[in-house]
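Structure first, commentary second.
The values are calculated or read from the model by the stated rules, or taken from the named source; none is laboratory data. The model shown is predicted, which means the values in this text are computed figures rather than measured ones. Methodologically, a virtual Cβ is constructed for each residue, glycine included, from the backbone with ideal geometry; neighbour enumeration extends over all protein chains shown.
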Amino acid sequence: MKVAGRISRSGWMALILGAVMGQGLAVGANAGNLTQAQLSQFARDAQLAFAPVSNFALGHGQFQAQLTLNNQSAIALPAGKGDWRIYIHSIRKLHENKVAGLQIKHVQGDLHALEPSADFTGLAAGASLEVPYSGGNWIVSYSDFMPRAFIAQPGLEAAVFANTDTEDLTRFVSPFVRPEQQLRFNAPTADAFPIVTSAGRYESNRAVNAIKPVEQLGIIPTPKSVKYRRGSIQLDGSWQIRYAGSLTSEARYLVAQLKAAGLELNSAADHIPAQGPVIRLALEPGGVSEAYHLSIGKEVIQIRGSDNAGAFYAVQSLLSLLPAQTAAQYTLPVVEVKDQPRFSWRGMHYDMGRNFHGKAVTLRLIEQMARYKLNKLHLHLTEDEGWRIEIPGLPELTEVGAFRCFDLTEQSCLLTQLGTGPHKSGSGNGYYSAEDFVEILKFAAARHIEVIPEIDMPGHARAAVKAMDARYHKLLKAGKKAEAEQFLLSDPADKSQYLTVQNYTDNSINVCLPSTYAFADKVVYELQQMYRKAGLKLNTFHMGGDEVGAGSWVESPACKTLFATQEGVAGPADLKPYFVSKLAAITHERGLALVGWEDGLMYDPNNTFNRKAFANERVLANAWDNIWEWGVADRAYRLANAGYQVILSAGTHLYFDHPHEAHPEERGYYWAARYTSPGKVFGFMPDNFYANADTTREGTPIDNLEALVGRSLPKLEKPENLLGMQGQVWSETIRTAQQLEQMIYPRLMSLGERAWHKAAWESNAPDTTARTADWAQFAHTLAKRDLPRLVQAGADLYLPPPGAVIESGQLLANTALPGLAIEFSLDKGASWQPWTAPVALTAEQSASVWLRSRLGDKTSRVSTL
């Protein structure tokens, strides 16, 4: 700790006046305490800031940082051991340490406290404290820090430091400017992913910009067969729609979408004759499920689907040919399209458990999934940090579990996490009501999207554990002991100690309690009722199952009793498969398929649970943990070969919560890959999984995966068990709807392309020249049509910053999505000019060039040259 700055005469006077008026040093049982007025004023006026210091000094996998508390208020923090605490959110677990009288302590999850001890010397008005600290792993991004640090004291209302109450993290986090701040490590080897510069970006973009795209913007995702004929047609208000009765829903969707595009067409069942040009919707049974045939001719547009979903996808292909701009008439090519999906599972996973973003953004996601022919929405409804769906009969799940605030007892809310701050009004709080969820189900079903609900158990379940604990205490206080224990998820006598990857010590549901399975059955039952209310059937239930803290349940008396009485459960290693078998029985009885994350279905990295032990006709696995050098990427094939149906969910390519590029201003975690660009998602090869091993996490190129892991890798012996692929967005660093959509789009379009269409270049492991050409056309189509249409739909998106260099006195620029507008500024953003061709610059002008991409009113972050 460093006390910096001399206190002015006016500062001393403020201290004296504050003490006299009860606004300086507090009086009471503990002279080191604050009054409510003092605490609130201090949080309002003091400045709390963070600075990255070094990822190198403490060795591999540790960082140094600094917290600075600049007391610009008139309130002094009193010396001595007071009851006040400063709380900060940190995605990395900090080392517990005392610095000049302030003890840094881990509370739970990402929440840490700075606690004054007896030798704390105080902080006068006008002075500042510098508190160096350290922690595990590295920090190289602004989003490694979190907003809404606060100060609290028992009996008072906690207050957020005003300068941290913002989503602009640069307002309270110092820049990353030195190599030891920008890079993750320098030993035993150097980090091979330096910060992306404008010049580096320019070089990376050259290949895609060198390819001249075809002007005819094609259908995304790419159809299996497209044949363009000569000529074009004019689609206007004179056209009519006729449809088979069984396609009423698809026809209504088409009518609504065309109306939004500016065309109001008469529509009727197919037995009513049409006058003039007509769009016909019909079924053509007998083909592959979800297949379709679209034919655009002079007088007839024929839509034929092998089933309703196929007809719907034909509608989407027709709509995709329309430009983004609304008009009264559209020119369409004369074309014949024959198409069918690559995979039956084309999924998108959305985590609103960590941070809730509201119903509207969920509906927009569903609409965009439908446009790109994705058909499975995996809703991650529960987490350690939140329970996001109303369950009738268990109001505590949402009353307590859907909100985070500063309540150390956790009887009114969960303990604050992820930058929410101390109040229930903070970011990330909320839930879907039962009515909201029914609306979402109906909206998705009309677009042929199955909603897969996930209730994460037995790990990642802190919200449920704490909510049911609050229920237990409330009912116990009312004298209802049996009712209190009915859905209890924790064993009060359990002394097990563990620490999860997310730094929780109490997030595991106790799998040895009968009440755990009563709870699971209750939740599944209520979910079924919601699906029925929506006119649907719940077919698939996701149990989560991942990242259970090692050491969970080992000191639980309930589990020790189970070991003594339950055949086949001899010790802690048997508890996870026991839990899955119990959940399998519950879901099987209700006619459901069961899904889990891969590690929830495995004893260890190499050995799966016995598939035959689970009664469900279908047990599915999301294969996600494919860090190549860790030797676990073969889990996908191991599970498929063992009889599980596998959904490729690879962290290295399909995690949309990872940064778009290696730069501190890019949001996201980077545990699986340093970055995941739309082009990287586009280049994923699901049929040739090991061929996706490009680099290690450190950035070292992988030439031979088996040599890297030191053993042979299993082949896929049962390809029929590979159902498809799925993108994932986890929301630890994503607190707002805008941030969410900037992480999802346009990566979702690349996901839709690969899940629906197998490119020719994939089979050649890959043909990089053909892949680049394919990507160039895809990127051009995104920039010219699909992204403008996304903006028109009211969604946000990510725009890549331009690349740029100055050569021979000229400014050269390009973009990763050719067709985006590029702008530059020579006055540090005061004014912007379009860049369309090389621009001559003076030496003085070249010293400070700012650039950004633009699409409508959306712009990328600024890149400097």
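Data overview
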{"item": "Of the criteria (1) under 18 Å from the mean Cα position of the chain (by Cα); (2) part of a helix (DSSP H, G or I); (3) surrounded by fewer than 21 Cβ atoms within 10 Å (Cβ to Cβ), which one Glu741 fails", "result": "(3)"}
{"item": "The stretch 638-663, subset touching a strand residue (DSSP E or B) at 6+ places or on another chain (Cβ under 6 Å) and part of a loop (DSSP other than H, G, I, E, B), residue nearest to Ser141 (Cα to Cα)", "result": "Asp657"}
{"item": "Asp168 vs. criteria surrounded by 19 or more Cβ atoms within 10 Å (Cβ to Cβ), acidic (Asp, Glu) and within 26 Å of the chain's Cα centre (by Cα)", "result": "no"}
{"item": "Pair list, Cβ < 8 Å and 6+ apart or interchain, from the stretch 367-379 residues that are under 19 Å from Leu790 (Cα atoms) to residues that are of a type in the set (Asp, Glu) and assigned to a helix (DSSP H, G or I)", "result": "Tyr372/Glu753"}
{"item": "Near pairs, Cβ below 6 angstrom, 6+ apart or cross-chain, from the stretch 476-498 (in contact (Cβ under 8 Å) with a residue 40 or more places away in the chain) to any residue that is among the aromatic types (Phe, Trp, Tyr)", "result": "Phe487/Phe519; Ser496/Trp553"}
{"item": "Check on Leu397, part of a loop (DSSP other than H, G, I, E, B) and either crowded, with 24+ Cβ neighbours inside 10 Å or free of Cβ contacts under 8 Å to residues at least 24 places away in the same chain (or both)", "result": "no"}
{"item": "Wholly enclosed strands (runs of 3 or more DSSP E) of the stretch 769-856 bearing at least 2 residues outside the structural domain of Val361 (by TED's automatic domain parsing), touching a Cys at 6+ places or on another chain (Cβ under 8 Å) and of a type outside the set (Val, Ile, Thr)", "result": "none"}
{"item": "Given (1) surrounded by 20 or more Cβ atoms within 10 Å (Cβ to Cβ); (2) not in a loop (DSSP other than H, G, I, E, B); (3) not hydroxyl-bearing (Ser, Thr, Tyr), number of the condition Glu367 does not satisfy", "result": "(1)"}
{"item": "Out of Leu281, Leu332, sole residue that is over 28 Å from Leu740 (Cβ atoms) and either touching a Phe, Trp or Tyr at 6+ places or on another chain (Cβ under 7 Å) or crowded, with 16+ Cβ neighbours inside 10 Å (or both)", "result": "Leu281"}
{"item": "Met749 aliphatic (A, V, I, L, M), in a helix (DSSP H, G or I) and in the same structural domain as Gln368 (by TED's automatic domain parsing)", "result": "yes"}
{"item": "Counted residues, the stretch 485-543 - those being hydrophobic (A, V, I, L, M, F, W, C), closer than 17 Å to Lys466 by Cα and buried (at least 21 other Cβ atoms within 10 Å of the Cβ)", "result": "9"}
{"item": "Whichever residue in the stretch 251-303 is touching a helix residue (DSSP H, G or I) at 6+ places or on another chain (Cβ under 6 Å) and in a strand (DSSP E or B) and, among such residues, is nearest to Trp756 (Cα to Cα)", "result": "Tyr292"}
{"item": "Residues of the stretch 672-693 that turn out to be closer than 23 Å to Trp138 by Cα and in contact (Cβ under 8 Å) with a residue 40 or more places away in the chain, as a count", "result": "5"}
{"item": "Residues within the stretch 801-837 that are farther than 28 Å from Asp774 by Cβ and of a type outside the set (D, E, K, R), tallied", "result": "14"}
